[in-house]
Amino acid sequence: MVSLSVVEGGYPPVSVPGIAHETDGIGVRMRPVAEPDLAMFRRFCTEPGLIGLDWGGFRDPGAPVRRFAVDGWLGTEDGRLVVEAGPDATAAGFVSYRAGQYAPRATYWEIGIALLPQWRGRGVGWRAQALLCDYLFAYTPVQRIQAGTHPENVPEQRSLEKAGFRLEGVVRACEFRAGQWRDGYLYSRLRDDPSPWD
Ligand SMILES: CC(C)(COP(=O)(O)OP(=O)(O)OC[C@H]1O[C@@H](n2cnc3c(N)ncnc32)[C@H](O)[C@@H]1OP(=O)(O)O)[C@@H](O)C(=O)NCCC(=O)NCCS
């Protein structure tokens, strides 16, 4: 398990400490949502396709402000953290977590990610998802973290594999997207699976 170091900074400047990891000279940080980030979250609600293949139509742009006011997006059942990258610790997107349950004592996390287009393909996505796994395994007792993606989302498939996830299989007709029901790919990483940093 990698040790999680605490950093401060961010652009737009936020005084929220976060956790960071650097490999091969590429640093990725993760921190709680702060007020200046809400503009980015509003964009994901209203700019068609900005969020990627998960775009499901226009969403209430006031929802991010209301959710932030409730719990800073740090819920015990679901939440979001901002991903920062680059020398200025720029807000590059976000990661999310949501609790699921297969049996009474078998809860797991389902994670997600969306980076702004200018930050894609630069090694940020897999590092952010690996960092989120470290965080969730360090501070919650779950055995399993899962992530679903689209058959055509090759960047996310590669990103999950690089973050230590394995493909479990095809979940048939699990989402209605762009006019039809579509299959998804389910990936998972278990607590004891090899760390991608090693
Ligand atoms: C999917 C996403 C998180 C991936 O993160 P990323 O930072 O772009 O990906 P990385 O730079 O970490 O790349 C990880 C691997 O994928 C490969 N990859 C990245 N973009 C690629 C592309 N367009 N085509 C093929 N491979 C690609 C990289 O080459 C790398 O593999 P390599 O080291 O073997 O070369 C990011 O592109 C994104 O936010 N996309 C929009 C939202 C989205 O699709 N979220 C997931 C929904 S399920």
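The values are calculated or read from the model by the stated rules, or taken from the named source; none is laboratory data. Please read these numbers as outputs of a predicted model, since none were measured by experiment. For neighbour counting, all protein chains shown are included, and Cβ atoms are generated from backbone atoms with ideal geometry for every residue, glycine included.
Here are a few things to note about the model shown:
- Counting only helices (runs of 4 or more DSSP H) that sit completely within segment 54-173, those holding 3 or more residues that are modelled with pLDDT of 95 or more and of a type in the set (A, V, I, L, M, F, W, C) correspond to 63-71, 124-139.
Residue-wise test of (1) surrounded by 16 or more Cβ atoms within 10 Å (Cβ to Cβ); (2) more than 21 Å from residue 155 (Cβ to Cβ).
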position	(1), (2)
21	yes, no
30	yes, no
35	no, yes
41	yes, yes
57	no, yes
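- Looking only at residues of segment 85-116 that are under 12 Å from the mean Cα position of the chain (by Cα) and among the charged types (D, E, K, R), we find that the one that is nearest to residue 26 (Cα to Cα) is 110.
Listed here are the residues, each with its yes/no results for (1) more than 16 Å from the ligand (Cβ to nearest atom); (2) hydrophobic (A, V, I, L, M, F, W, C); (3) surrounded by 14 or more Cβ atoms within 10 Å (Cβ to Cβ).
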residue: 70; (1), (2), (3): yes, yes, no
residue: 82; (1), (2), (3): no, yes, yes
residue: 94; (1), (2), (3): no, yes, yes
residue: 106; (1), (2), (3): yes, yes, no
residue: 121; (1), (2), (3): no, no, no
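- First in segment 75-88 and without any contact (Cβ under 8 Å) to a residue 24 or more places away in the chain, second anywhere and surrounded by 19 or more Cβ atoms within 10 Å (Cβ to Cβ), Cβ under 7 Å, 6 or more apart: 78/97; 79/73; 79/97
- Pairs with Cβ under 8 Å, 6+ apart, first in segment 22-39 and assigned to a strand (DSSP E or B), second of a type in the set (Asp, Glu): 28/22; 28/84; 29/84; 30/84; 31/84
- Per this entry, residue 192 is not counted among residues that are outside any loop (DSSP other than H, G, I, E, B) and loosely packed, with under 15 Cβ neighbours inside 10 Å.
- Test: residue in segment 137-149 that is out of contact with any Lys or Arg (no Cβ under 7 Å at 6 or more places or on another chain), of a type outside the set (Lys, Arg) and near the ligand (Cβ under 6 Å from one of its atoms): yes
- Considering segment 151-177, the residues that are in contact (Cβ under 8 Å) with a residue 24 or more places away in the chain and of a type in the set (A, V, I, L, M) include one that is farthest from residue 132 (Cα to Cα), namely 160.
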